[in-house]
1. Go through (1) at pLDDT 65 or above; (2) farther than 25 Å from Asp131 by Cα; (3) polar (S, T, N, Q) and name the single condition Ser71 misses.
2. Please name all residue pairs, on different chains or six or more residues apart, with Cβ atoms under 8 Å, provided the first residue is in region 142-164 and is over 21 Å from His192 (Cα atoms) and the second residue is aromatic (Phe, Trp, Tyr).
3. In region 78-103, which residues are hydrophobic (A, V, I, L, M, F, W, C) and in a helix (DSSP H, G or I)?
4. Quickly run through region 73-112 and pick out the residues that are surrounded by 12 or more Cβ atoms within 10 Å (Cβ to Cβ) and aromatic (Phe, Trp, Tyr).
5. Within region 127-141, work out how many residues are in contact (Cβ under 8 Å) with a residue 12 or more places away in the chain and more than 14 Å from the chain's Cα centre (by Cα).
6. Can you find a residue in region 142-163 that is part of a helix (DSSP H, G or I) and touching a helix residue (DSSP H, G or I) at 6+ places or on another chain (Cβ under 9 Å)?
7. Is it the case that Gln105 is at pLDDT 90 or above and either within 22 Å of Ala49 (Cα to Cα) or among the polar types (S, T, N, Q) (or both)?
8. Determine, yes or no, whether Lys197 is exposed (fewer than 14 other Cβ atoms within 10 Å of the Cβ), on the phi < 0 side of the Ramachandran plot and not hydrophobic (A, V, I, L, M, F, W, C).
Amino acid sequence: MTAGTPAVVEQFALNLRNMLQERTIEERKQLRKEVDEVKQALMRDQSLAPVFKAKLEEWEGVYHTELAAASASAKRLADANGDQVWVAEWVLEMAVDRRDRATRQMKKWQFLYDVARGKKNWDIALDRARDVPIGDILQTPAKIVTKKRQTYLCPLHEEDTPSFVWYVDQNRFHCFGCGKNGDVIELILRYHQVDFKEALCILAKYF
């Protein structure tokens, strides 16, 4: 338990651990099943949707703040020289870590909000798949980076001059070399030559 955890919570956790240790394997499985059922019921409690939405909006604000900080840190690193370089690298690494933490929290609260609103598992999986950044899928670093777009060598055909553009805000791509375009699901379908269900399974690894 972390510092500041209420004593009653610590005692509950201790009692639960002791109870689990005293039970047989089958009893522990049954207890965990009951706990999971309670968690699922809470997740689907529509009265909690506003709470989940508020947390989502809170972390969206944090994300945009940290994204701006990471961008500013990257610029300082580019302008740094001598002894300033390692300091700028450290600041950038910390900013990226905070941004990534905010991203994980956003995904978690978005998922809980969707469940509380009654969205089906398939719809949730589809939404989360479409939200996977195309930049996370690509194997090579961007050749050209601006605020709203990043340009790469196209993964769908061979080329020496980068012509594959990822539109970050829309999370869509267009290749000016081969003419292919679409969202992240379309990219997976074309790159891996799989069907729609298999494409979602591949993208699920990035959730």
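The values are calculated or read from the model by the stated rules, or taken from the named source; none is laboratory data. Every value quoted in this text rests on a predicted model; they were computed, and no experiment measured them. Glycine gets a Cβ as well: all are built from the backbone with ideal geometry, and neighbour counts include every protein chain shown.
1. The one condition Ser71 does not meet is (2).
2. Lys143/Tyr152; Lys148/Tyr167; Arg149/Trp166; Arg149/Tyr167; Gln150/Trp166
3. Result: Ala78, Val85, Trp86, Val87, Ala88, Trp90, Val91, Leu92, Met94, Ala95, Val96, Ala102.
4. Passing the criteria: Trp90, Trp109, Phe111.
5. 3
6. no
7. No.
8. The answer is yes for Lys197.
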